[in-house]
1. Report, to the nearest 10°, how far helix 147-157 tilts away from the longest principal axis of the Cα atoms in the chain, using its own Cα long axis and a range of 0 to 90°.
2. Tell me the Kirkwood radius of the chain: reciprocal of the mean inverse pair distance over distinct alpha-carbon atoms, in Å.
3. Send over the semi-axes of segment 66-123's equivalent ellipsoid, whole angstrom and largest first, taken as the square roots of 5 times the C-alpha gyration tensor eigenvalues.
4. Cut-off is 10 Å between beta-carbons; in what order do 172, 192, 288, 39 appear when sorted fewest neighbours first?
5. If each DSSP helix of 4+ residues adds -39,500 (n - 2.57) and the sum is divided by the residues in the chain, what number results at 222 nm, nearest 500 deg cm²/dmol?
6. For segment 21-187, give the share of DSSP beta bridges that are antiparallel, in percent and rounded to the nearest 5; count only bridges with both residues there.
7. Nearest 10 degrees is fine. How inclined is helix 248-267 to the longest principal axis of the chain, computing both from alpha carbons?
8. Compute the relative contact order of segment 126-176 as a whole-number percentage, counting only Cα pairs closer than 8 Å that sit 6 or more residues apart in sequence.
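Any read-out appearing in this document is the output of simple, stated calculations on the displayed coordinates, not a laboratory observation. Being a predicted model, the structure only gives us computed values, none of them experimental. With ideal geometry, Cβ positions are generated from the backbone for all residues, glycine too; neighbour counts draw on all protein chains shown.
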Ligand code: PMV
């Protein structure tokens, strides 16, 4: 079967030539936490997922990026004020992303990215990073692409970036098309001002297996993965019900079961993939015990050892007393 390349797909939506112009201001995109996870690709080139997913964006926590015409003859990528070596893996991905839009034109760029996600929180920044980069590319080249197209293109940088173009609850539809142009995210109308997310930091060391290789390994080797698309579809529908009816228990239960189901498929891979550390498991047991004692809190986890705890504003003081070092985010702001 003939597959599309990223360049082919993007080229369909670009003008014949582009006129880059240095940006004065930075573009910003929030980080996001999936309540129903994206795990497994049906197309690795375009980052097309096997299942739809649903996340909540982290308001002011994320990445800001701007693109300038570089003074020297070389592309430059700066992360948090530091110039990266040209062969740095983040710098290579950023430049490869920009190459999809510059159409071979010879204009070296300087890309400046800053993450305000505290590195100590152990949060991934690839989602907000590629969403902010997409918005910056749109401005730098004066493309004026609508947010759906930007979501589809940001997805090609990192799957979860498709969701970081929007605030609040966001659903990324897996789509069916071969070129992936129906695999885009869109925000839900619903808000949940009382929702809180706490970040429990277990480790911030770089993970040994990134999510791209992790999901490829799972799809290729875990028989258990076959049940994942069914689990995800059921969870997605439960999350819609929970959000529509502001049913916190249903939201928390669904998110926690979804995360543990995803991790079960990883554990069943070969070689086995276990992102948890001993402290992750200790935190899980503590959460289960607190829940048994009547406190309303649930957790979710991504491809790493850290936990993200879901709870309501009314329980914030009680939860923070149990986890004093936890950073708390109000995704819909504080009333
Ligand atoms: O977008 P990626 O390639 O970093 O993958 C993200 C995978 C998870 O964080 C585990 C799940 C998700 O939906 O964000």
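1. Rounded to the nearest ten degrees, it is 90.
2. Numbers: mean 1/r = 0.0488 Å⁻¹.
Answer for the chain: a Kirkwood hydrodynamic radius of 20.5 Å.
3. Details: eigenvalues 104, 28, 21 Å².
Equivalent ellipsoid of segment 66-123: 23, 12, 10 Å, largest first.
4. Details: 172 27, 192 20, 288 14, 39 30.
If I rank by nearby Cβ atoms, fewest first, I get 288, 192, 172, 39.
5. Helices in the chain give a 222 nm mean residue ellipticity of -11000 deg cm²/dmol.
6. Details: 26 of 30 bridges.
Restricted to segment 21-187, the bridges split so that about 85 percent are antiparallel.
7. The angle comes out near 70 degrees.
8. Working: 52 pairs, mean separation 21.6, N = 51.
Relative contact order here is 42 percent.
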